[in-house]
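Peer 1: Pasting in a structure now, in structure tokens, and then I'll have a few things to ask.
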Amino acid sequence: FYTKRKNTFHEESESFVIVPDKKDMIYLAGLRKGDTLYGEIEWAIRASPNTPSSLPIRITKGFLRGARLVGTAILEKDLNAISIEVTALRITEADKLYSLKGEVHDMRGEVGLTGEFHSKEGLFFLGEFLSAGAAGYADATIQRQQNQFGTYQSAPTVENAAKLGMVSALSRSADRFAEKARTSPGYTTTEGYREVQVIITDDPVEVVTN
């Protein structure tokens, strides 16, 4: 609005903060943080520490029997066990989707799932062994001469220079194979139709789409 003062117009403004009404969150009756759901993972799992994978868990007991949880599986490298975090619940009959948090335990109560761990360490070891063996063989074929101090030195020939270069390259290859074997993440697999229990760690809230 404008006000007139001493024949001069000055523009004045007022600021308003509009706070929208917060919608009430719709919780799922009968399921709260700390509750346990029992279900079955029908899919076989292959989990690595670098690539999370999604999978469904079918609830097999209670009033939610037949509903499905959605989880994300990833390999815990330190334990070589599959950790599964649950993030959603789908009740197909009621066409309802809920956001929640939960963690999967095996039927003994241990966190995560154990399976068969697969590593490329054997392959890298074979490569390291072959590289080291080839380096040793090449080194043994180098012509050496004994000097006046009784020590042996390679003869300064073109053939020996090439062999020395081969030994150096093969030795570095063996070191690289050893480093890859040490840092190879590997992966763990489990069979399908695995019974699990899911501990709810956050109250489920309905996802409302307009």
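Only the coordinates and a few stated rules stand behind these numbers; no lab work does. Every value quoted in this text rests on a predicted model; they were computed, and no experiment measured them. Here the Cβ positions follow ideal geometry from the backbone for every residue, glycine too, while neighbour counts run over all protein chains shown.
Peer 1: Short version: ³J(HN,Hα) in whole Hz for each residue of segment 104-115, in order, from phi by Karplus 6.51 cos²θ - 1.76 cosθ + 1.60 (θ = phi - 60°), x for Gly and Pro, what are they?
Peer 2: Karplus-based 3J(HN,Hα) across segment 104-115 equals 8, 10, 6, 6, 8, x, 7, 5, x, 10, 8, x Hz.
Peer 1: Which residues' amide hydrogens lie under 5 Å from the amide hydrogen of Trp43, considering only partners 5 or more residues apart or on another chain, with H built in the peptide plane?
Peer 2: HN-HN under 5 Å from Trp43: Tyr193.
Peer 1: Between beta-carbons, use under 14 Å as the cut-off and find the net charge around Glu103, counting Lys and Arg +1, Asp and Glu -1.
Peer 2: -4
Peer 1: Right, next: Could you give the nm distance between label points at Glu116 and Leu79, where each point is 7 Å from its Cα heading toward the beta carbon?
Peer 2: 2.2
Peer 1: If you don't mind, there's one more thing I want to ask. Using amide H atoms built in the peptide plane, which far-off residues or other-chain residues are under 5 Å from Ala88 H to H?
Peer 2: Residues meeting the criterion, in which the H sits 1.01 Å from N, are Val70, Leu100.
Peer 1: Stretched out fully, how many nm does the piece from Arg108 to Ala94 gain, at 0.36 nm a residue minus the Cα gap?
Peer 2: Difference between extended and current length: 1.9 nm.
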